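Working notes, beginning with the structure itself.
Just so it is clear, none of the values below were taken in a lab; they were calculated from the coordinates. Here the structure is a predicted model, which is why all the values come from computation and not from measurement. Virtual Cβ from ideal backbone geometry, glycine too; neighbours counted across all protein chains shown.
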Amino acid sequence: MPLGSFLKILLSGMFTLAVLFVIAVEFSIVQTTDNIGNYESYEYPAKEHFESFQTFVVGVIEWFGHLNAEELIALFTGILAVSTIGLWVATQSIFRHGRRTTERQLRAYIAVEPRGVLKVAKPANRAIASIGIRNAGHLPAIKVGWKIDVKFSTEVKLNDFLPVTVIDERENVVSPNVFVERGSDMFEADQLRNKRDFYLYVWGAVFYEDGFGEERFTNFCHRYNCVNFKNRRISAQFGRYHRHGNQAD
């Protein structure tokens with residue numbers, strides 16, 4: 001069938017549907033006015049509404065009727081192009097959302113746990129605070145580096161921790177579901193003794209890449225009550241996640 005004939009048949013069908021719609025509208029108006037006692041209140045607003053719509057439909061049909069085959073092809077080609085672009089944009093948005101969701105589910109996630117404090121025998125009067133680095137994600141954390149600091153205080157709500165921004169050595173890898181224990185540099189242990197309402201804060205940060213090339217960090221701050229210092233140590237079970245200083249990306 002030639003394209004011109006097909007388009008004429010299509011327009012004829014659209015025109016027939018429009019005529020049937022107008023007839024149905026007019027019929028519904030008549031039925032409505034027959035069932036309503038107050039004819040003056042309902043006839044004219046409804047009729048004006050449907051007449052304006054009828055005029056619009058007839059105008060659209062007449063405009064289509066004046067287009068030749070080439071113009072109709074150009075019109076529908078334009079509509080197809082706009083629809084294709086819209087579909088491409090929607091597909092890209094779905095793809096980006098799916099990629100972000102996949103990365104969130106698979107990336108490496110580093111958690112830092114308290115592992116206790118130990119007063120070493122030699123050299124004298126020195127101690128080490130330990131942390132546990134755990135990868136709770138599904139991909140290896142690469143370029144892992146950490147910094148651990150300690151501070152004594154009588155304040156149980158201490159919030160005076162300088163942020164860690166740079167770590168020089170980042171050559172470690174922590175595989176998924178792997179736990180790595182690391183210790184701080186030795187620090188002066190004169191104040192590390194059994195004493196009530198005296199606290200040791202172990203704080204710092206771990207920097208790493210999450211498996212998708214994104215830089216991530218985990219800031220940590222653990223609080224130990226020195227009243228639990230016994231046998232040259234404070235056990236990990238007495239470590240508390242402090243209310244300040246714990247954030248993760």
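Exposure proxy for Asp197, Asp168, Asp249: other Cβ atoms within 10 Å of each Cβ, ordered fewest to most, give Asp168, Asp197, Asp249. Taking packing as the residue-averaged number of other Cβ atoms within 10 angstrom, the listed peptides 182-190, 99-107 run from highest to lowest as 182-190, 99-107. Given their separation in residues at 0.36 nm each and the Cα-Cα distance between them, Val58 and Glu113 gain 12.4 nm when the chain is fully extended. With a Förster radius of 22 Å applied to the C-beta separation of Asn228 and Val173, the computed FRET efficiency comes to 0.05.
Counting neighbouring Cβ atoms within 10 Å and putting the fewest first, the residues Ser235, Ser130, Ser52 line up as Ser52, Ser235, Ser130. What FRET efficiency would be calculated for the residue pair Arg126, Glu215, taking the C-beta separation as r and a Förster radius of 41 Å, to the nearest 0.05? Efficiency, from the Cβ-Cβ distance: 0.75.
Find how much the distance from His138 to Asp185 grows on full extension, using 0.36 nm per residue of separation minus their present alpha carbon separation; answer in nm with one decimal. Could the numbers behind the result be given before it?
Details: separation 47, 0.36 × 47 = 16.92 nm, distance 3.05 nm.
Once the chain is fully extended between His138 and Asp185, it gains 13.9 nm.
For Lys143, neighbours were defined as the other residues whose beta-carbon sits under 15 Å from its Cβ, and their charges (Lys and Arg +1, Asp and Glu -1) total -4.
The label-point distance for Leu80 and Asp160, in a model that sets each label 7 Å from Cα toward Cβ, rounds to 7.4 nm.
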